[in-house]
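The values are calculated or read from the model by the stated rules, or taken from the named source; none is laboratory data. Since we're looking at a predicted model, the values are computed, not measured. Using ideal geometry, Cβ is built from the backbone for each residue, glycine included, and neighbour counts are taken over all protein chains shown. Heads up: the accessible areas ignore ligands, DNA and RNA and are worked out on the full protein's heavy atoms, side chains in. Shrake-Rupley method; radii C 1.70, N 1.55, O 1.52, S 1.80 Å.
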Amino acid sequence: MEDIVKLPKMSFDQSVKTVLSKLTDFKGRARRSELWWFWLLYAVVSMVVNMSLSGTQIVSSIVSLLLLLSVFSVTVRRLHDSGHGGWWVAASIIINIFYNIYMSATGYLDALSTINPDPDLAIKVMSDPIVITSILLLCVLNICILVFCLMDSKPEENKYGPSPKYIVNNGDFQEIK
């Protein structure tokens, strides 16, 4: 007879240690608590870094890139836990890069970054079909990613590995990591 044992939620420090130890690991699965605790840390550290290191752009950029890499990897593992592929995150990143390149290349970004942007230019930017399409795609993709990350995992193993939340005990001793 198999018993399914649900592990307790991960604590803040367990989540951070797990994510940082798997900085570039896009394989396997991650629990919801692992993702959300790390997102909280990411938000706080990003604010502190941006406020305190605003003069040292290189250090700020390196810290931001390491944090983003961690966020991407834990988000992909969280998507795996709910049975979805990491291509959702990759698609969001690619569209975001394309959008930012387009906004810079057209001069829209500089024009809208001024203190008092021209209202006619703002209307022109927001009616640009590429801008509209990019924004809509990003919204749909990111809402899907959010919903998938909120979904509970199944106790059974999926194509991405065993569940990090549930342990199937078939009478044999299993060590809990």
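Per-residue answers, yes or no, for (1) more than 27 Å from PHE38 (Cβ to Cβ); (2) at pLDDT below 95; (3) open to solvent by less than 50 Å² (accessible area, probe 1.4 Å); (4) within 16 Å of the chain's Cα centre (by Cα):
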{"position": "GLY85", "(1), (2), (3), (4)": "no, yes, yes, yes"}
{"position": "ASN96", "(1), (2), (3), (4)": "no, yes, no, yes"}
{"position": "ALA111", "(1), (2), (3), (4)": "yes, yes, yes, no"}
{"position": "ASP118", "(1), (2), (3), (4)": "yes, yes, no, no"}
{"position": "ALA122", "(1), (2), (3), (4)": "yes, yes, yes, no"}
{"position": "SER127", "(1), (2), (3), (4)": "yes, yes, no, no"}
{"position": "CYS139", "(1), (2), (3), (4)": "no, no, no, yes"}
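Apart from one condition, TRP37 fits all of (1) buried (at least 17 other Cβ atoms within 10 Å of the Cβ); (2) at positive phi; the exception is (2). Taking helices (runs of 4 or more DSSP H) as the structural unit, those lying wholly within the stretch 68-160 and holding at least 1 residues that are among the β-branched types (Val, Ile, Thr) and without any contact (Cβ under 8 Å) to a residue 60 or more places away in the chain correspond to 87-105, 119-126, 129-150.
Residues are listed down the side, and each one gets a yes or a no for (1) over 17 Å from SER163 (Cβ atoms); (2) touching a Ser or Thr at 6+ places or on another chain (Cβ under 6 Å); (3) part of a helix (DSSP H, G or I):
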site	(1), (2), (3)
PRO8	no, no, no
LEU23	yes, yes, no
LYS27	no, no, no
TRP39	yes, no, yes
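Residue-level check: of (1) of a type outside the set (Lys, Arg); (2) under 20 Å from the mean Cα position of the chain (by Cα); (3) on the phi < 0 side of the Ramachandran plot, PRO162 misses just (2).
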